[in-house]
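Below: the structure, in structure tokens.
The values are calculated or read from the model by the stated rules, or taken from the named source; none is laboratory data. Keep in mind that what you see is a predicted model, and the values were worked out from it rather than measured. Note that each Cβ is placed from the backbone with ideal geometry, even for glycine, and that neighbours are counted across all protein chains shown. All accessible areas refer to the heavy atoms of the entire protein, side chains included, with ligands and DNA or RNA removed. Shrake-Rupley method; radii C 1.70, N 1.55, O 1.52, S 1.80 Å.
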Amino acid sequence: MVQNHEIEKKPRGRPQVRCDEDTRSVIIEAANRQFHENGYAAASIAAIAQEAGISTKTLYRLFPTKGDLFSEMITERTERFLLALDPGTLAVADLRQGLERMLMAYGMLTLSVDTITMTRLVISESDRFPEIANAFYEKAVVRTNTLMENWLHKQIDRGLIALDDPHAACGMLRGMMIMEPQRAAMLRQEPPPKIETIAARAKMCTDLFLKGCAL
């Protein structure tokens, strides 16, 4: 008696390959870990590619230099802040609610362990690699500052606040929100603040700021 055995059919063609966008995300996460663990100078492209599970050829195709990779990593981090501040939501929020929401998102970005560690890296290695300081300043500092300053201008246009110098006022607002806890964490005197502390600080800064400029 002959038994019929079912033959397992293997799918034809090449296995599915990640799209470039997904591959870029995997690379950025791997680079983030390598930069955190080893610093910018010591983080090698080969190690990043290995951790991402790709070839160095693929990595160089998507990010021609380590500087490009670092810049994109900072951009991706800043995008999280921008996404947290949906323009539509901010547009309909009242003055106090909008400012507190913006400061909370800013605090969550700048006072996170991840950002504190990356800021230390930039400060310590920027003399040797000025491109990382440029990327950090342009992709993170300038972009977040611009969004917050634009929001202040909109509140002035709405007749809700009065500011002689919105640019300077925005800098003071940011400093009031993060300077003390950021400095303490940078110098390893205190751990980065927890979410409840950031929320309380955002509320306090909102109250102090609006007492000085609300109409």
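The slack in the chain from Thr75 to Leu160, taken as 0.36 nm per residue of separation less the alpha-carbon distance, amounts to 27.4 nm.
Rounded to the nearest 10 degrees, the angle from helix 113-125 to the longest Cα principal axis of the chain is 90 degrees. Accessible surface computed residue by residue for the chain, with neighbouring protein chains in place and a 1.4 Å probe, gives 61 Å² per residue.
Out of Val141, Val92, Val113, any idea which swings most in a Gaussian network model of the chain, alpha carbons joined below 10 Å? Per the Cα network of the chain with a 10 Å cutoff, Val92 tops the list. Taking every protein chain into account, the 1.4 Å probe leaves Lys203 with about 100 Å² of accessible area, to the nearest ten. Pairs of C-alpha atoms in segment 65-210 farther apart than 23 Å represent 37 percent of all such pairs. Helical content of the chain, expressed as a calculated mean residue ellipticity at 222 nm, amounts to -23000 deg cm²/dmol (DSSP H runs of 4 or more residues, -39,500 (n - 2.57) each, divided by residue number, nearest 500). Structure note, pairs Lys139/Lys211; Lys66/Lys154; Lys66/Lys139; Lys139/Lys194: Cα-Cα distances above 27 angstrom occur for Lys139/Lys211; Lys66/Lys154. Label sites at Val142 and Glu51, each approximated as a point 7 angstrom past Cα along Cα to Cβ, lie 2.8 nm apart. Here the accessible area of segment 65-210 is 58 percent carbon and sulfur, with a 1.4 angstrom probe and all protein chains present.
When the surface is traced with a 1.4 Å probe over the full set of protein chains, Cys213 keeps roughly 10 Å² accessible.
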